1. Residue 143: surrounded by 19 or more Cβ atoms within 10 Å (Cβ to Cβ), within 13 Å of the chain's Cα centre (by Cα) and without any contact (Cβ under 8 Å) to a residue 40 or more places away in the chain, yes or no?
2. May I ask you to verify whether residue 137 is buried (at least 18 other Cβ atoms within 10 Å of the Cβ), touching a residue at least 12 places away in the same chain (Cβ under 8 Å) and at positive phi?
3. What strands (runs of 3 or more DSSP E), lying completely within the range 100-208, carry at least 2 residues that are within 20 Å of residue 61 (Cβ to Cβ) and at pLDDT 95 or above?
4. Can you report the number of residues in the range 38-53 which are part of a strand (DSSP E or B) and closer than 30 Å to residue 185 by Cα?
5. So which residues in the range 44-61 are exposed (fewer than 12 other Cβ atoms within 10 Å of the Cβ) and touching a strand residue (DSSP E or B) at 6+ places or on another chain (Cβ under 8 Å), if there are any at all?
6. Only one of (1) at pLDDT below 95; (2) assigned to a helix (DSSP H, G or I) is not met by residue 93, so which one is it?
7. Filtering the range 76-90 down to residues that are part of a strand (DSSP E or B) and free of Cβ contacts under 8 Å to residues at least 60 places away in the same chain, which residue is surrounded by the most Cβ atoms within 10 Å (Cβ to Cβ)?
8. Considering only residues that are in contact (Cβ under 8 Å) with a residue 12 or more places away in the chain and surrounded by fewer than 14 Cβ atoms within 10 Å (Cβ to Cβ), which ones fall in the range 91-118?
């Protein structure tokens with residue numbers, strides 16, 4: 001039996017959202033009593049709610065939209081590493097890890113997973129990691145933070161650096177209970193035509209030693 005681990009934030013009406021962004025809301029539009037047969041719900045939310053994928057169009061008007069992204073990047077072998085011992089994640093920090101044949105890299109940082117509180121501070125992911133990760137063959141980076149850039153950034157240097165080096169972005173995954181190692185990842189964005197991002201249900205499955213080779 002396959003044991004999948006959910007690493008996505010639950011979508012709740014009291015979850016934290018990016019300051020000033022559209023909060024998540026779920027409610028019943030019609031009840032079974034009203035329709036005579038079914039309950040029908042509706043949601044309102046930013047596309048960057050909870051665990052989500054950024055499309056390049058989010059930070060580059062000429063970039064790909066979420067429905068144009070290569071889905072293969074969000075399915076397959078992924079490596080989880082623990083960088084919680086530093087507050088600035090640089091290429092030099094990543095050089096401490098064996099990243100041979102890694103195409104999807106998930107970073108467990110020092111930021112505690114708390115979906116109901118937006119962090120006032122969080123670790124810094126230096127844009128200089130992008131060329132290093134590209135040389136290693138990484139095409140997807142996932143972080144347990146709301147963004148790969150700091151909340152006050154207006155230039156989004158790390159977003160642009162990753163994009164310019166062919167690396168897609170997965171944000172707000174929950175890794176507090178995940179041990180470093182090799183897993184199978186599924187984190188598919190919705191095919192929302194022309195959109196700048198999408199919430200995802202991200203899951204991991206631990207790989208056996210044979211599978212991880």
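The values are calculated or read from the model by the stated rules, or taken from the named source; none is laboratory data. Since we're looking at a predicted model, the values are computed, not measured. As a convention, Cβ positions derive from the backbone with ideal geometry for all residues, glycine included, and neighbour counts pool all protein chains shown.
1. Values: surrounded by 19 or more Cβ atoms within 10 Å (Cβ to Cβ): yes; within 13 Å of the chain's Cα centre (by Cα): yes; without any contact (Cβ under 8 Å) to a residue 40 or more places away in the chain: yes.
Answer is yes for this residue.
2. Numbers: buried (at least 18 other Cβ atoms within 10 Å of the Cβ): no; touching a residue at least 12 places away in the same chain (Cβ under 8 Å): yes; at positive phi: yes.
Considered against the rule, which asks whether it is buried (at least 18 other Cβ atoms within 10 Å of the Cβ), touching a residue at least 12 places away in the same chain (Cβ under 8 Å) and at positive phi, residue 137 comes out as no.
3. Values: elements: 104-108, 140-143, 168-171, 181-186, 197-199, 203-206.
Hits in the range 100-208: 168-171, 197-199.
4. Our first condition is that a residue be part of a strand (DSSP E or B); within the range 38-53, this holds for 40-44, 52-53.
Now narrow it down to the ones that are closer than 30 Å to residue 185 by Cα: 41-44, 52-53.
Summing the residues that are part of a strand (DSSP E or B) and closer than 30 Å to residue 185 by Cα in the range 38-53 gives 6.
5. Within the range 44-61, the first condition is being exposed (fewer than 12 other Cβ atoms within 10 Å of the Cβ), and the residues that meet it are 44, 61.
44 - this is the single residue of the range 44-61 that is exposed (fewer than 12 other Cβ atoms within 10 Å of the Cβ) and touching a strand residue (DSSP E or B) at 6+ places or on another chain (Cβ under 8 Å).
6. Single failed check for residue 93: (1).
7. Step one: filter the range 76-90 for residues part of a strand (DSSP E or B), giving 76-82, 88-89.
From what's left, free of Cβ contacts under 8 Å to residues at least 60 places away in the same chain: 88-89.
On the way: 88: 11, 89: 23.
So the residue we want is 89.
8. First, pick out the residues of the range 91-118 that are in contact (Cβ under 8 Å) with a residue 12 or more places away in the chain: 91, 94-95, 97, 99-118.
Within the range 91-118, 95, 100, 101, 112, 114, 116, 117 qualify.
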